[in-house]
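The structure under discussion appears below in the form of structure tokens.
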Amino acid sequence: MKLIDRGNGPPIVWIHGYPLSGRIFTPQTSISGFRHIVPDLPGFGSSPADAARATMDDFADGIIGLADNLSLTKFIVAGLSMGGYIAFAVIRKAADRIAAVILLDTRETPDSDQVRADRMSMIARVEASGTNAVFESMLPKLLCAQTLRSNSVLVDETRRILESASPAGITSALSAMASRPDSTSTARSIKVPTLIIVGANDSLTPPSDSERMHALIEHSQLNIVQGAGHLTTLEQPELTSRAISEFLGNQRNLV
């Protein structure tokens, strides 16, 4: 996996969502006092796709392997949307290496039957006609209505991030999300400090999902970001980074 490795201090591994790239965390890599490790998952951004379709466990193995290669004994794991699903899989596999958790615009529950069927339908559309259908359907779901109306720069940047995804990366991620397990028990098992962030206008993983996770995770904080949809890190970078900085300020001695 291609990655950005920036800064010094306790390491944070940032895991992006679908169908995005590590660029969604660009504002957060300016948070001082920490080492920011931001991979592009296979088939997204600058990373080539793997030959076979992945599962959440495969993505998690890739993150753990990356931590091994960088000699990270313990690290903070941060995941947005699908990145949160991967974070839960990392926690199941390597809980003893997780110093703290940041969950952004995600949920612990698996797909409903309808969502799973929709993902399979989208896989067929991508295989038949390419990726344009994904980009056109996802853009209005990622950003809130106010952003879509008034921030053409961010809309264009989000579109460029989407367009960096490969067909193989997209179909692999769709398949992995459709088959992911219920992470309710994983959320309940988390014993390290956890920050949960969600956009107030997130329609994909609404605040009710984050409120439910907050109730499940004993040592968790919940921050609802006003003026943001699903991409809190880009739509409200200052508010999101401030919430993360305040949370991380208490975690420097954990790694």
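Below are the figures for this structure:
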| quantity | calculated |
| --- | --- |
| Gap separating the Cα centres of region 189-241 and region 49-96, nearest whole Å | 20 Å |
| Calculated FRET efficiency for the pair SER32/GLU127, C-beta based, R₀ 35 Å, to 0.05 | 0.20 |
| Region 3-248: C-alpha pair distances exceeding 33 Å, % | 10 percent |
| Using θ = phi - 60° and Karplus 6.51 cos²θ - 1.76 cosθ + 1.60, couplings along region 164-177 (whole Hz; Gly, Pro as x) | 7, 7, 8, x, 5, x, 5, 5, 5, 5, 4, 5, 5, 5 |
| Contour minus Cα-Cα distance for ALA52 and ARG160 (0.36 nm per residue) | 36.4 nm |
| Whole-number percent relative contact order across the chain, with pairs defined as alpha carbons under 8 Å at least 6 apart | 23 percent |
| Reachable lysines, given that their alpha-carbon falls under 30 Å from the alpha-carbon of LYS141 and they are not under 8 places away in the same chain | LYS2 |
| Share of alpha-carbon pairs per 5 Å distance bin for region 65-177, given as whole % | 2, 10, 16, 18, 18, 16, 12, 7, 2 |
| Residues of region 56-86 with amide N under 19 Å of the 7 Å Cα→Cβ point at HIS219 | 73-79 |
| Estimated FRET transfer efficiency (LYS191, THR109; beta-carbon r; R0 25 Å; 0.05) | 0.75 |
| Overall form of region 139-235 per C-alpha gyration tensor (a/c, 1.5; a/b vs b/c) | oblate |
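Taken together, the values in this text are just the output of simple stated rules run on the coordinates, not laboratory data. A quick note: this is a predicted structure, and the numbers were derived from the prediction, not measured. FYI the Cβ positions are ideal-geometry reconstructions off the backbone, even for glycines, and counts take in every protein chain you see.
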